[in-house]
Amino acid sequence: MEQNFERGHAAQRPDHSRGLILLLLAVIAVFVFSFWIKPWLTGPYDRDATPRAVTPRGDLAQDEQSTIELFRRASPSVVYITSLRVGRDFSFNVLKIPQGAGSGFVWDANGYIVTNYHVIQNAQAADVTLADHSTWPAELVGTEPDKDLAVLKIQAPPGRLPAIAVGTSSDLEVGQKVFAIGNPFGFDQTLTTGVISGLGREIESVTNRPIAGVIQTDAAINPGNSGGPLLDSAGRVIGINTAIVSPSGAYAGVGFAVPIDAVNRIVPQLIRDGRVRKAGLGITPAEDAVARRVGVREGVLVLNVARASAAEQAGLRPTRVDARGAIVLGDVIVAIDGDPVRELRDLYRILDTHEVGDIVRLRLRRSGGEVNVDVTLQELP
């Protein structure tokens, strides 16, 4: 009996391990709250915190001051161009619907604005926004698609039309500093800087004709910069920002500008006549792919000679079909004034350097031999 009693008493003793566990959990909770949760809730605040003392920067560097002054002088001449499509709403009210944007610059106080042709290529109307944010409807004066140039005109007061300073592109050097001002992605009056990366480049216009003597730069050029000026360190425009090379369509360090010397020659013609007088031969040349298919490995094949043209007067022979239905190839132009003509772009490049009335000597491949013919260049229609 005594033994059973002792067993029964032992079985009713309290279990202290459960209390120890609860005590341990409470300690952990206090620790977590004090060292982790509370700092997040209250923060390590310092009620006496004040702003840091400003360190004086001193004068701007000379090149910074020069860039700032250049932008102040040139930016009022740079404009924002919105190309528009004209439509009507359900009430037949005329609507102008934006379809694209680009840049341009003030040519003179008469309201002439220079830009790229591709900026307004498919537009039915256009608005020009000046640096003072006033917007003016533009009239198309003339275009030269082969050089990607266009001239617009607005009726703004002369006081709002500061003409940009015009430089030259004939004496540029690789490594010169350049500055581009435009409206990339719609951000107006944007300045980017860089250097001339290359000279004498060649790009293709919207008409697939070559634009020679193009300036290559690493100044950031993005969609919306097209038509804006490329400036030298004196703030003179030396080119019109025209194209970029980029797999993504955005800036990749390679941009191109049409040289100002070509612009300065073409713009006055567009203002005077709305078109450019182009010197030509009066022929229809074969595309390179067509010429190669018929066995002309090098040179420009003459497909057709226009009646009463300079080429006809000089005796150039077109491609024809004989009485038996066989193709008889015409003359193949292989050189102009000793400058080799290997493909169609060479022909266009050389003719672009000449004026109406110039006499050029063509070297022709004809009937297995070669002949030289002098041609007086005519104005193309």
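The values are calculated or read from the model by the stated rules, or taken from the named source; none is laboratory data. Bear in mind that the values here come from a model prediction, so they are computed numbers and not experimental data. Note: ideal-geometry Cβ built from the backbone for every residue, glycine included; neighbour counts use all protein chains shown.
Close contacts from the range 305-329, counting a first residue that is free of Cβ contacts under 8 Å to residues at least 40 places away in the same chain and a second that is assigned to a helix (DSSP H, G or I) and surrounded by 13 or more Cβ atoms within 10 Å (Cβ to Cβ), with Cβ to Cβ under 8 Å and a gap of 6+ residues or different chains, come to VAL305/ALA311; VAL305/GLU312; ALA306/GLU312.
Yes or no, residue by residue, for (1) under 11 Å from ALA180 (Cα atoms); (2) not polar (S, T, N, Q):
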site	(1), (2)
GLY198	no, yes
GLU202	no, yes
SER205	no, no
ASN208	no, no
GLN216	no, no
VAL237	yes, yes
ILE240	yes, yes
ALA243	no, yes
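Selection over the range 280-336 of residues that are part of a loop (DSSP other than H, G, I, E, B) and either over 13 Å from VAL373 (Cβ atoms) or not acidic (Asp, Glu) (or both) gives a count of 26. Here ILE271 does not qualify as out of contact with any His (no Cβ under 9 Å at 6 or more places or on another chain) and not in a helix (DSSP H, G or I). Each residue in the range 77-100 was checked for being assigned to a helix (DSSP H, G or I) and either outside the structural domain of VAL151 (by TED's automatic domain parsing) or at pLDDT below 95 (or both), and 0 of them qualify.
The single condition among (1) modelled with pLDDT of 90 or more; (2) of a type in the set (S, T, N, Q); (3) surrounded by fewer than 17 Cβ atoms within 10 Å (Cβ to Cβ) that SER367 does not meet is (1).
Pairs are defined by a Cβ separation below 6 Å, a sequence spacing of at least 6 or placement on different chains, a first member in the range 65-80 that is surrounded by fewer than 17 Cβ atoms within 10 Å (Cβ to Cβ), and a second member that is outside any helix (DSSP H, G or I) and among the basic types (Lys, Arg); no pair meets this definition.
Got a number for residues in the range 252-268 being in a helix (DSSP H, G or I) and either touching a residue at least 12 places away in the same chain (Cβ under 8 Å) or closer than 11 Å to VAL166 by Cα (or both)? Adding up the residues that qualify gives 7.
Applying the condition of being more than 11 Å from the chain's Cα centre (by Cα), outside any strand (DSSP E or B) and in contact (Cβ under 8 Å) with a residue 60 or more places away in the chain to the range 101-123 and asking which residue is surrounded by the most Cβ atoms within 10 Å (Cβ to Cβ) yields TRP107. Within the range 132-153, if we keep just the residues that are of a type in the set (Gly, Ala, Ser) and buried (at least 18 other Cβ atoms within 10 Å of the Cβ), the residue that is nearest to ILE81 (Cα to Cα) turns out to be ALA138. The residues of the range 303-342 include none that are crowded, with 18+ Cβ neighbours inside 10 Å, touching an Asp or Glu at 6+ places or on another chain (Cβ under 6 Å) and under 30 Å from ARG201 (Cβ atoms).
Within the range 189-211, take every residue that is among the β-branched types (Val, Ile, Thr) and not in a strand (DSSP E or B) and give me the one that is surrounded by the most Cβ atoms within 10 Å (Cβ to Cβ). That would be THR207. Whether any residue in the range 191-202 is closer than 14 Å to ALA257 by Cα, within 16 Å of the chain's Cα centre (by Cα) and charged (D, E, K, R) is what I want to check. So far as the range 191-202 goes, yes, one or more of its residues are closer than 14 Å to ALA257 by Cα, within 16 Å of the chain's Cα centre (by Cα) and charged (D, E, K, R).
Okay, residues lined up against (1) within 32 Å of the chain's Cα centre (by Cα); (2) of a type in the set (A, V, I, L, M); (3) over 30 Å from THR192 (Cβ atoms):
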position: PRO229; (1), (2), (3): yes, no, no
position: VAL258; (1), (2), (3): yes, yes, no
position: ALA262; (1), (2), (3): yes, yes, no
position: LEU270; (1), (2), (3): yes, yes, no
position: ILE283; (1), (2), (3): no, yes, yes
position: GLN313; (1), (2), (3): no, no, yes
position: THR319; (1), (2), (3): no, no, yes
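Applying a threshold of 6 Å to beta carbon distances and a minimum spacing of six or more residues, or different chains, the list of pairs starting in the range 342-357 at a residue that is under 13 Å from PRO285 (Cα atoms) and ending at one that is at pLDDT below 90 reads ARG345/PRO210; TYR348/ARG209; TYR348/PRO210.
Between ASP346, ASP358, which is surrounded by 15 or more Cβ atoms within 10 Å (Cβ to Cβ), of a type in the set (Asp, Glu) and under 20 Å from ARG277 (Cα atoms)?
Among ASP346, ASP358, only ASP346 is surrounded by 15 or more Cβ atoms within 10 Å (Cβ to Cβ), of a type in the set (Asp, Glu) and under 20 Å from ARG277 (Cα atoms).
Restricting ARG13, ARG47 to residues that are charged (D, E, K, R), more than 30 Å from PRO184 (Cβ to Cβ), part of a loop (DSSP other than H, G, I, E, B) and modelled with pLDDT of 75 or more narrows the list to ARG47. Regarding ILE181, is this residue within 22 Å of THR207 (Cβ to Cβ) and within 14 Å of the chain's Cα centre (by Cα)? In short, no.
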